[in-house]
1. Please get the size of the charge dipole for the chain, origin at its Cα centre, with Cβ charges of +1 on Lys and Arg and -1 on Asp and Glu, quoted in debye to the nearest 20.
2. Determine, for each peptide in 243-253, 416-426, 3-13, the mean count of other beta carbons within 10 angstrom over its residues, then list the peptides with the highest first.
3. Give me the dipole magnitude in Debye, nearest 20, for the range 147-299 about the Cα centre, with unit charges on the beta carbon: positive for Lys and Arg, negative for Asp and Glu.
4. What nm value, rounded to one decimal, do you get for the distance between Arg173 and Glu372 when each label is placed 7 Å out toward the C-beta?
5. If you place +1 on the Cβ of every Lys and Arg, -1 on the Cβ of every Asp and Glu, and leave all else neutral, what size is the dipole of the range 152-228 about its Cα centre, to the nearest 20 Debye?
6. Whole angstrom only: what separates the Cα centroid of the range 120-142 from the Cα centroid of the range 64-86?
7. Run the simple label-point estimate for Lys489 and Arg96 please: 7 Å along Cα→C-beta, distance reported in nm.
8. Taking 30 Å as R0, compute the FRET efficiency from the Cβ-Cβ separation of Glu35 and Glu89 and round it to 0.05.
Amino acid sequence: MAYEAVWMKDPSKLNKFEFVKMEKDGLDVIRTIIEEYAHKGYDAIDENDMNRFKWAGVYEQKPKDGHFMMRVRINSGIMTAAQARGLAEIGRLYGRDLIDVTTRQAIQFHWLRVENLPDIFKRLEAVGLYSYEACGDCPRTIVGNPLAGIDPDELMDTRPIVEEVNDFFLMNRDFSNLPRKYKMSISASIWNNAQAEINDLAFTPAVKVIDGREVLGFHAWVGGGLSAKPHLAKELDIFVRPEEVLKVAIGVTTIFRDYGYREKRHQARLKFLVADWGTEKFQEKLIEIIGDMPSAGESKIAGWKAVYFDGVHPQTGEGKSFVGLNVPVGRTNSDEFEQLADLAEQYGDGLVRTTMSQNIILAGIPNEKVDELLQAPVLQRLTPNPKHFMSRTVSCTGNEFCNLAVVETKERARRVAEYLDENVELDEKIRIHMIGCPNACGQKHIADIGLQGALVKTPEGMVDAFDIAVGGILGPGATFNTPLKGRVKGDEIAGVVARLILFYKEQRQAGESFHAFVNRVGVPAFQEKLTEILSAVAS
């Protein structure tokens, strides 16, 4: 190591996985996969190496029968048509055509075999993509504004900054052994298009007058994250020029590496260190590492649109538009992905963009070509004009593939959205996020209505169920949603959610959003309504 591993001075303060990482760096498993396991097969994989597979961007998928899930890093969710075709071909050859868009703008495959991983790595590298460190205790995919470079509401094009930060940390052994996973967000959109508050480190647009001149830059946020103990990131009192983003990222990541908790895995995220230290102490340590920084300027965050772009919208550049497409619960396939690549080249700027809402954007389309583009067969399912509830439904992988999830989510979420679209007429678009376990990959905490999978005992045995939370939002006034008491059986969840939404519809004031309604009537009113609904269902 090129740095002093200060946490190794007292081994009694380390959880057992820290010794696994010290014995062999996670990045070393990539070569082991290529040179050994791809030839010897699944049964030869060492248990500790199986845990290190995460550094290759690979997880063993359920039911642990030799198949793997892989995440591919897509910086800011922006890829070329050639990259999209490369991903489609990998899905076709090795992943049973299945492609998922994740809530961190990554692309996710399933059904991969260890024997195929070397060829997949080569195919990714051939188009300039990597799965390396998309998982593991390391800096993961950097999320950003999916409209970067074409956004009328951004202070600057952040693509070069994201690439610079990504290139520094990717495969950098000085930062490949962090206490836990580490997530960064960089966006200059005034609409918080990279969801700053739920990341370990985030940069949001700001301006500051320095030496009589207004300078465009960023504010920095630290310590956000979800899971069983969610924390909203805290804003530091510093102003960051564009050329200083990497310096600040290195400083914050160094603090996490050297001072982050390594005794208990469930307390090893940066959010716990920030909560214990406070922002003042954290900032003092950061300045000690990177040098003096100007105090914060004026935030340019105007609000939050939950990273939804469905429909046709004007972009920067005369006479061009971008089209936001709905990918139902983030699930698509190789044929569709290939067709999107073709459309991007035929009509647009040759780029395919993924969003943190699990959707896709095509951009750079001449206005006179938009109507022709909209006739493409693939846009009948991946439509820019989705029904209200399907357009705002997000789902994690669920127990179809994930070993941590206790319930199925993808198909359930799709069916819930379809039921609501068929049975609830509403002009407001309500965000519904479904997750299969407390890790919250589906980001249920920030939803209007969050659904978390659980199990409930019945006379017929254990059955899928969900806990409901209401009122989440990011941006100014950010708050996580509040859980309600009363577990709902999976087969009943669509009807119960429908009745909660009807409660909102019947009692709301003119123009009142769901979040504003929750704030006005209070969570106890929702609790009372849910209790009433469950009593009626049980009787």
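1. 1300
2. 243-253, 416-426, 3-13
3. The calculated dipole for the range 147-299 is roughly 980 debye.
4. Label-label distance for Arg173 and Glu372, simple model: 5.4 nm.
5. Working: 7 positive and 11 negative charges, 71 e Å.
For this selection, approximately 340 debye.
6. Each part reduced to its Cα centre gives a spacing of 8 Å.
7. Between Lys489 and Arg96, the label points sit 2.9 nm apart.
8. With R0 = 30 Å, the Cβ-Cβ based efficiency is 0.80.
Readers should treat all values here as calculations from the given coordinates under stated rules, not as data from a laboratory. What you are looking at is a predicted structure, and each value in this text was computed from that prediction instead of being measured. Every residue, glycine among them, receives a Cβ derived from its backbone with ideal geometry; neighbour counts consider all protein chains shown.
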